[in-house]
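To start, the structure itself, in structure tokens.
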Amino acid sequence: MKYSTTVPNDPDTHDDFKPTNKVESSGLSLKEIVEQDVKENPVMLYMKGVPEFPQCGFSSLAVRVLSHYNVPISARNILEDPELKSAVKAFSHWPTFPQIFIKGEFIGGSDIILNMHQNGELKEKLKDLSANQKSE
């Protein structure tokens, strides 16, 4: 069986099934959007899928580990926009996904936060971000 990741330019293909660029209408460049995401969201996750429905095991692992700490997670689905995926890679200088940023700092992927979770570093990094706390 062969699967294709390209979308044919078929006039019979309904717009609902064509890829969309959800960030292009904002007026910001993709680089600016990534910078804004990372700056404005204490926990920013670029992943395959969304936290409620991860589309790869590594993204699922990242969501499970971060969810353990009851922190608000902001995320973007890189599968929806190949150009966003490239912009995130250029921003972080990291080739794989998911990519996790905490308090504006690039942390790494699911393997790194799993290791940080196991040795207690992640708890320390997230301690003041609990969703139960009131923001200032």
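The values are calculated or read from the model by the stated rules, or taken from the named source; none is laboratory data. Treat the numbers as computed from the prediction; the structure is a model and nothing was measured. Cβ atoms come from the backbone with ideal geometry, glycine included; neighbour counts cover every protein chain shown. We work out accessible area using only protein heavy atoms, side chains counted, and drop any ligands, DNA or RNA first. Shrake-Rupley method; radii C 1.70, N 1.55, O 1.52, S 1.80 Å.
Take the Cα of SER130, step 7 Å toward its Cβ, do the same at GLN55, and the gap between the two points is 3.5 nm. Once both labels are positioned 7 Å from their Cα atoms along Cα-to-Cβ, the gap between SER29 and ALA90 label points is 0.7 nm.
Measure up LYS48/LYS123; LYS31/LYS127; LYS31/LYS89; LYS48/LYS89 against 19 Å on the Cα-Cα distance and list the ones that go over. Check vs 19 Å cut-off fails for LYS48/LYS123; LYS31/LYS127.
Could you tell me what percent of the accessible area of the range 53-93 is made up of carbon and sulfur, with a 1.4 Å probe and every protein chain present? Using a 1.4 Å probe with all protein chains present, the range 53-93 comes out at 56 percent carbon and sulfur. Computed over the alpha-carbon atoms, the range 19-125 gives an Rg to Rh ratio of 0.95, Rh here being the Kirkwood radius from the mean inverse distance. LYS39 sits among other residues whose Cβ lies under 13 Å from its own Cβ, and their net charge, with Lys and Arg +1 and Asp and Glu -1, is -3.
Can you give me the Cα centroid spacing of the range 99-120 and the range 39-77 in angstrom? Answer, in whole Å: 11.
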